[in-house]
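Engineer: Below is the structure I would like to discuss, written out as structure tokens.
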Amino acid sequence: MKTSEVLHAWAGILEGRRPSLSIEITKECPLRCPGCYAFDDAHLGDSETTLRQLSDFKGDALVQGILDVVDRYRPLHLSLVGGDPLVRYRELELLLPELDQRGIHVQIVTSAFRAIPRHWADLPRLNLVVSIDGLQPEHDARRKPATYERILKNLEGARATIHCTITGQIADKPHYLEDFLRFWTARPEAKKVWMSLFTPQIGAEGPEILTPEVRAAVIAELLRLRPLYPILDMHQSCIEEFRNPPKSPEECIFALTTHTVSADLKTAITPCQFGGNPDCSQCGCIASMGLAAVGHHKVAGNLTAGRIFMVSDRIGTGVRKLLAQPRRAS
Ligand code: SF4
Ligand code: SF4
């Protein structure tokens, strides 16, 4: 991010705005991945309603609805997620140039179950993130019909960030992460690799969840691999944050700087993109760890960037409340 954009983001925070916006642009997805948080019963924070039950939009109504949300929140960074956003690829064709004109950095997170339009590679502010859950045997078992064979075909001519969520099923397999990095280093479609760890809801159980011992071993392995595979685009300090994630959403800079809206373009997902009651003590979100690392950066003496952010955020919250008060006629 440029200095001017950092200052712009900071000014927005002081006005009570969040610099990052995430929109679940559709409730539809052709996949049924085990452990998917978007379709978890707790995602919308209301046991009565799930993402599949929300009304979503298509066509011009979706394009205009998203632009209205964007113009209201004026983010610097926008994530388009789902469901799978490529279900609405026709609408994306109309939206992406509009968002580019507004100077917004856009990230599309997809399973790449359908072909990526080649001309998207010409959009300088677009980051295409493709979710790939390990090497072919484990990925294909979880993510059919978006199998490796199909993804590699659909990515022809594209340049994507490969995002792997490390689950309990692959975390303790010997040399697995190194084999994954070696495979994607050799692929021209991959410009970088990000790795997250599976994040459960509080009290959840299941094979996706990493034990504390396995989690510690994965962190050590990522630290070892980082200098060997430059495609792994994760700073050392970001990986080290996995050892000590934010204690709560109130201490999570990512949660505090990102507003997430669901497929009806109204419902806010809280406290972060996972929704429900996520277990921060087991958080494995790369974005949360990256911003936590920035927050721990010392700006002067013992003054950290995170301390400056928290004070700015409190000022912004006060400003927002003040502006929301009804004005009395004098
Ligand atoms: S592709 Fe994404 S949204 Fe669809 S089921 Fe899998 S994890 Fe969930
Ligand atoms: S991103 Fe992680 S640390 Fe932040 S609120 Fe969500 S679960 Fe907690």
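Engineer: Would you pick out the residues in the range 82-102 that are within 16 Å of ligand 1 (Cβ to nearest atom) and surrounded by 21 or more Cβ atoms within 10 Å (Cβ to Cβ)?
Structural biologist: Listed by number, the residues that qualify are 82, 83, 84, 85, 86, 87, 88, 92.
Engineer: Now a separate question. So if I check each of 300, 329, which one is modelled with pLDDT under 75, over 25 Å from the mean Cα position of the chain (by Cα) and not basic (Lys, Arg)?
Structural biologist: After ruling out the rest, the residue left standing is 329.
Engineer: Between a residue in the range 299-318 that is over 18 Å from residue 258 (Cβ atoms) and any residue that is of a type in the set (D, E, K, R) and not in a helix (DSSP H, G or I), which pairs come within a Cβ distance under 7 Å, given they are 6 or more apart or on different chains?
Structural biologist: From residues that are over 18 Å from residue 258 (Cβ atoms), the pairs are 304/298.
Engineer: Here is a further query. Identify, by number, the condition in (1) under 27 Å from residue 144 (Cα atoms); (2) within 16 Å of ligand 2 (Cβ to nearest atom) that residue 26 doesn't meet.
Structural biologist: The failed condition is (2).
Engineer: Can I ask one more? Within the range 180-197, is there a residue that is surrounded by fewer than 18 Cβ atoms within 10 Å (Cβ to Cβ), out of contact with any helix residue (DSSP H, G or I) (no Cβ under 9 Å at 6 or more places or on another chain) and among the polar types (S, T, N, Q)?
Structural biologist: yes
Engineer: Here is a follow-up. For residue 241, state whether it is farther than 24 Å from residue 26 by Cβ, away from ligand 1 (no atom under 16 Å from the Cβ) and surrounded by fewer than 16 Cβ atoms within 10 Å (Cβ to Cβ).
Structural biologist: Answer is no for this residue.
Engineer: Search the range 246-266 for residues being of a type in the set (Ser, Thr, Tyr) and within 16 Å of ligand 1 (Cβ to nearest atom), and hand back the single one that is surrounded by the fewest Cβ atoms within 10 Å (Cβ to Cβ).
Structural biologist: Per the criteria, the residue is 260.
Engineer: Select, from 123, 135, 128, the only residue that is buried (at least 21 other Cβ atoms within 10 Å of the Cβ), touching a residue at least 12 places away in the same chain (Cβ under 8 Å) and aliphatic (A, V, I, L, M).
Structural biologist: After ruling out the rest, the residue left standing is 128.
Engineer: Looking at the range 105-120, which of the residues that are at pLDDT below 95 and out of contact with any strand residue (DSSP E or B) (no Cβ under 7 Å at 6 or more places or on another chain) is surrounded by the most Cβ atoms within 10 Å (Cβ to Cβ)?
Structural biologist: 117
Engineer: Further question: Could you grab the pairs with beta carbons closer than 8 Å, sequence gap of 6+ or different chains, first residue in the range 238-266 and more than 18 Å from residue 74 (Cβ to Cβ), second one acidic (Asp, Glu) and within 16 Å of ligand 1 (Cβ to nearest atom)?
Structural biologist: Listed pairs, sorted by first residue: 262/24; 263/24; 263/56; 264/56.
Engineer: Let me ask something else. Yes or no: the range 209-220 includes at least one residue that is out of contact with any Ser or Thr (no Cβ under 9 Å at 6 or more places or on another chain), assigned to a loop (DSSP other than H, G, I, E, B) and at pLDDT below 95.
Structural biologist: No: the range 209-220 contains no residue that is out of contact with any Ser or Thr (no Cβ under 9 Å at 6 or more places or on another chain), assigned to a loop (DSSP other than H, G, I, E, B) and at pLDDT below 95.
The values are calculated or read from the model by the stated rules, or taken from the named source; none is laboratory data. Quick caveat, the model's predicted, so the values are computed rather than measured. Virtual Cβ from ideal backbone geometry, glycine too; neighbours counted across all protein chains shown.
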